[in-house]
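Here is the structure we will look at.
The values are calculated or read from the model by the stated rules, or taken from the named source; none is laboratory data. Please read all numbers here as calculations on a predicted model, not as lab measurements. Here the Cβ positions follow ideal geometry from the backbone for every residue, glycine too, while neighbour counts run over all protein chains shown. Each accessible area value is taken on the protein alone, full model and side chains, heavy atoms only, with ligands, DNA and RNA left out. Shrake-Rupley method; radii C 1.70, N 1.55, O 1.52, S 1.80 Å.
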Amino acid sequence: MTPLETTLGYTFENTDLITQALTHPSFFSAKKERLKINHFERLEFIGDRILGVIMGTWLYKEFSTAPEGELSRRLAHLVRRETLAQISEEMGINIHLKYSRADEKNQSQWLTLLADACEALIGAIYLDSGLASCERIIKKFWASLIHAKDMDAKDPKTLLQEYAHTHLKTTPSYIIAHTEGPSHAPKITVKCTLNDLVVSATSSNKKAAAIACAQQLLTELNTQPLK
């Protein structure tokens, strides 16, 4: 059992999965190597969805009288990048990651890397032994956060959506307008439209770009009359 498995309280049957979950595309210097499926992007894809299902079900059962809005805010808080990065370090993922050391110089990229690796590890556990094992580990590491009191600290996307629903009777629309750069260091531009307002922002991932768009729109809405 590896030190990470000891911390998790879980032993992998397929050790290739844990190796893949701990390998960022930036670890490979040659493009040909990166094109092989030997890094965590595909595992991150499935882990993100597994985490959402388990966390959503947990919140639904734990807060049986909470309205949909509160459940959404709690979910957003529990699966946001900063929370995932924190959990990643508690698991010890940061110690065992294979990646380009240059990523640590950029705090935003480093947080994203840790968050993505956390989702990848959840995806790896799911493929290794199923949903029950994922649920046990998620509840182990998120137990101290599930009843967090700071739910008023809403992220910009949530604030914008609530504002739009209440005052404009509509919903913001987010689309990927442009993508460039290599797979391990992409630049993703997201465009957000809300009635006549249109803004865009660029980041290394869609989620961060969308949040930046929402913040721009919140700023504009504070200085413009309602339509």
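Within segment 57-92, what residues put their amide N at less than 16 Å from the label point 7 Å along the Cα-to-Cβ vector of I146? It comes to 57-66, 71-72, 74-79, nothing else.
Calculate, for S173 and T65, the FRET efficiency according to 1/(1 + (r/R0)^6) with r their C-beta to C-beta distance and R0 25 Å; round to the nearest 0.05.
Values: r = 32 Å, r/R0 = 1.27.
Plugging the Cβ-Cβ distance into 1/(1 + (r/R0)^6) gives 0.20.
Under a Gaussian network description of the chain, with springs only between Cα atoms under 10 Å, the residue in H39, H167, H184 that fluctuates furthest is H167. In this calculation the C-beta distance from E89 to E180 is compared with R0 = 25 Å, giving a FRET efficiency of 0.25. Only protein atoms count toward the accessible area here, which uses a 1.4 Å probe; on the chain, the carbon and sulfur part of that area reaches 52 percent. Packing, taken as the mean count of other beta carbons within 10 Å per residue, orders the peptides 206-215, 173-182 from highest to lowest as 206-215, 173-182. Taking 4.7 Å between C-beta atoms as the pairing limit, the chain has these partnerless cysteines: C118, C134.
In square nanometres, what is the average projected area of the Cα convex hull of segment 107-227? Show your work: numbers first, answer last.
Details: hull surface 39.8 nm².
Result: a mean projected hull area of 9.9 nm².
Return the calculated 222 nm mean residue ellipticity for the chain, to the nearest 500 deg cm²/dmol, obtained by summing -39500 (n - 2.57) across DSSP H runs with n ≥ 4 and dividing by the residue count. That comes out to -17000 deg cm²/dmol. Pairs exceeding a 30 Å alpha-carbon distance, out of K139/K187; K98/K157; K139/K207; K157/K187: K139/K187; K98/K157. A 1.4 Å probe run over the chain, with the rest of the protein chains in place, finds 54 Å² accessible per residue.
Report relative contact order for the chain in percent, whole number only (criteria: Cα-Cα under 8 Å, sequence separation at least 6). Kindly include the intermediate steps, with their values, before the conclusion.
Details: 299 pairs, mean separation 44.2, N = 227.
Reported as a whole number, the value is 19 percent.
Under the Kirkwood approximation for Rh and a Cα-based Rg, what ratio Rg/Rh is obtained for segment 36-82?
That ratio is 1.13, to two decimals.
Label separation (R136 vs H165): 3.7 nm, computed from points 7 Å beyond Cα along the C-beta direction.
Tell me, Kirkwood radius of segment 170-220 from alpha-carbon pair distances, in Å? Present the calculation step by step, with values, prior to reporting the outcome.
Values: mean 1/r = 0.0916 Å⁻¹.
Value: 10.9 Å, from the Cα pair sum.
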